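See structure below.
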């Protein structure tokens, strides 16, 4: 009994490394195409996201990554193709329905309510889960208040999880960029999503902020079990964080696989280093 | 309930048991968790401690074993201290921010068998070094986050252990009675706690304090400032530091007052505002930081607010301190001050969380006279004390109405003080430590046969009976001219300027005095912003010529001041430089309590010191730095060295020549 067993070693291997193939498919995109007039933003792309994985979508500027996210959460309606989410097929979906179906997202350019406090912003993320109608909410006391307390508790857990207690009552407009990104992640988490879409969560961050954000993304994935689809330019981050990577270029899928496979793919290297198209 | 909390017992478990009866429903602890303050009254605290203690017993914890307490100020960790003491064990609080290698020395030296830690970070640290700790049997943690998949063979949640304790009591209520009987036999002479001194030199030493040391000191201190069960304090300083142990544990138990644990280190300001403690300790750094913060914010405020602020501060400067000291003040001045209280002082105190402050103490480093006066003029009873781990904190205290910014007060109740021949302050007190753990040699060096303890500080008594501390006795040196050189004295004078964060002065056995300076990034950064000076990093700002001009002016002012003081006039700063990086505890340049490690810095920056003395005006340096995550990198750059004016000394009176 002299030495405490190396508990820490056991942990990393036991979870999170389950092979992606064995998992259930959460979202499946089949032959999806999207065009704006003559511009083909997405050209016949198929890929899937398995439950519990971190799926990265990468590609050079203008590759169609953000369009892809917009298709997934129903902001854009693809002209062709079928999207299957949690087993049910759809062609089109309104963004607010995407939320109630368990898809939450953050944006490339932070889209928070700048004048509202961190707490209020995250509470806004609970809106779709509130059941009392406007009448009860105006009355405030009684059921609406009880409901708000329950939601507030959930929000406080997220605040604790993302370590933003110290900025709870600060208007988000006053916060540094890195923290705003974190608040946005908190608001997305407040929806308790099945699938979390992160559009460049590390853009414009310094090294320390990136490390913090990476750790939070891993925590969200491992501890809350949330599936994550991630767009990111920092290849180092992508390789470290993601289980599988899909690479887009000019609206086409050019590679799909584990970070190591993708890294070796000639098409990917060409797309990034630049070869005449 | 009017009963005074005296003679409740001579050990903390006994005091806790009594408190649970006498103060039953009064709040004993609060913790902000998930945004809400959760309160435990004394009765509940006793039950929490009882459950934990009996749970520990179940883990085969025996009397005399040592328990490391590692983490930020959490109620569960304070309960662990009491739970361990009730079983006759000795708690050993350890600095939570120490890295694994630092921790291994203390854990090993203290023969720790159980570690009670706050969260995953600390669990990982202890697991990392568990190979080197054959005596360590169990790890208990408070916050389960991230620990779900760890092997729980020897790792337990505090709540689980408490659950075991509760179940055992339910099964066999006699356990509870036996538990109480178990500590009824403890004596005041038993060791209550072991606190490792951060050690500006050499290895940390484990200071063993007995219940008598702590209980007597705590009761005397409560009586000195009239503290009772209605007080509120904020526990936010490291638990391993004797101050926190006394203010948040010993005094709280003896007076029955409430200890409030903030949400985290970053929320202390907001939490303090919500709690508005009545009794608070803060190192000078905190008060300096707050004032700088206010000044910076006021510079950005609208003209009306700014004008009001400055006007009423002038009023406060004239009237505030006299009112606080109970002196006679004209009615018109009183009325004006009352208006100021309404418009400025009240809101300001509210912002700082000092609205209900009855007594505030500061110690550890000298506090700038202006800063000290500022707070007192607002009507805050801020006082200084002098103490150390070995004395259970209190050696001298400033009594109400006798406050001087340059002294640390008069001897505390029951404390005798002498100035040794070499100028060192020595004392004998009921709070004097028993011994250093497993270090008889150091004990003998520090504490003589008659019980006199050497502080290592050079000081002198002024005519008003107050003690004035000059410097560490071993740091006081002489220039080659024979003039007295007290580095800390010079450093503190410079640090009183808001723009200067840290200073290291050199001069012992040298021809003249010189200094390394760290600018304060908040203050100078704000100044740079207002003056349209662009900078990308600390290094760039520190090397800016305008910054050099500004710091040069401060050095000049200090030299003028030094010239006025007969004793110190010889050691004016002749040359100085602004360091290209901030001194940092992670690089070993500061102790964990943010004190400068003079020798280490002298070795690390030897080329810069040479440059200060060889007359060069520029020096290229490369310095390795350690980042927070343990990796290292390097910074390099050219450091400029400037000369400062030296002023003629006033005629030397010579009367105080021998004092240091």
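Here, each number is a calculation from the coordinates, and none is a lab measurement. Here the structure is a predicted model, which is why all the values come from computation and not from measurement. Cβ atoms come from the backbone with ideal geometry, glycine included; neighbour counts cover every protein chain shown.
What average number of partner chain Cβ atoms lie no more than 10 Å from the Cβ of the residues making up A:161-167?
Going residue by residue through A:161-167 and averaging, the value is 4.
Where does helix A:177-190 land angle-wise versus the long Cα axis of chain A, in degrees 0 to 90, nearest 10?
Between helix and principal axis, roughly 80 degrees.
Quick check: residue separation of residue B:328 and residue B:509 times 0.36 nm, minus the Cα distance between them. What number comes out in nm?
Residue separation times 0.36 nm, minus the Cα-Cα distance, leaves 60.1 nm.
Sort out for me the Cα centre separation of segment A:141-181 from segment B:576-594, rounded to whole Å.
36
Compare A:142, A:59, A:102 in a GNM of chain A, Cα atoms joined below 10 Å, and give the one with the largest fluctuation.
Comparing A:142, A:59, A:102 in the GNM, the peak value goes to A:142.
How large is the helix-only mean residue ellipticity at 222 nm for chain B, computed as the sum of -39500 (n - 2.57) over DSSP H runs with n ≥ 4, divided by its residue count, in deg cm²/dmol to the nearest 500?
Result for chain B, helices only: -11000 deg cm²/dmol.
Going highest first, how would you order A:165-178, B:222-235 by mean Cβ packing within 10 Å?
B:222-235, A:165-178
Among A:183, A:54, A:39, determine the one that fluctuates most according to a GNM of chain A built with springs between C-alpha atoms less than 10 Å apart.
Greatest mean-square fluctuation among the candidates belongs to A:39.
Which residue, A:129, A:146, A:23, tops the fluctuation ranking in a GNM of chain A built on C-alpha contacts under 10 Å?
A:146
Inside 10 Å of the C-beta atoms of B:264-270, what's the mean count of C-beta atoms belonging to other chains?
For this peptide, the per-residue mean of nearby foreign Cβ atoms is 3.
How would you order B:447-458, B:84-95, B:424-435 from highest to lowest mean count of nearby Cβ atoms within 10 Å?
B:84-95, B:424-435, B:447-458
Rank by packing, highest mean first: peptides A:225-236, B:292-303, with packing defined as the count of other Cβ atoms within 10 Å averaged across residues.
The packing order, highest mean first, is A:225-236, B:292-303.
Take the alpha carbon gyration tensor of segment B:169-235, find the square roots of its eigenvalues, order them as a ≥ b ≥ c, and report rounded if a/c is under 1.5; if not, report prolate when a/b exceeds b/c, else oblate.
Oblate, because a/c is 1.5 or more while a/b does not exceed b/c.
Is the C-alpha gyration tensor of segment B:125-256 telling us rounded, prolate or oblate? Criteria: a/c under 1.5 is rounded; beyond that, a/b larger than b/c is prolate, otherwise oblate.
oblate
With everything on Cα atoms, drop me the angle between helix B:521-530 and the longest principal axis of chain B, reported from 0 to 90° to the nearest 10.
Result, in degrees: 50.
State the Cα centre-to-centre distance between segment B:48-110 and segment B:537-575 in whole Å.
46
Calculate how steeply helix B:158-171 sits against the longest principal axis of the alpha-carbon atoms of chain B, using the helix alpha-carbon long axis, and give the answer as 0 to 90 degrees to the nearest 10.
Roughly 30 degrees, rounded to the nearest 10.
Note down the nm distance, to one decimal, between modelled labels 7 Å out along Cα→Cβ at residue B:629 and at residue B:402.
Simple spin-label model gives 5.5 nm for this pair.
Gap in Å between the Cα centre of segment A:41-112 and the Cα centre of segment B:162-183?
58
Using a 10 Å cut-off on Cβ to Cβ distances, tally the other chain neighbours for every residue of B:142-152 and report the average as a whole number.
4
So for B:479, A:195, B:382, fewest C-beta neighbours within 10 Å to most, what's the order?
Ascending Cβ contact count within 10 Å gives the list B:479, A:195, B:382.
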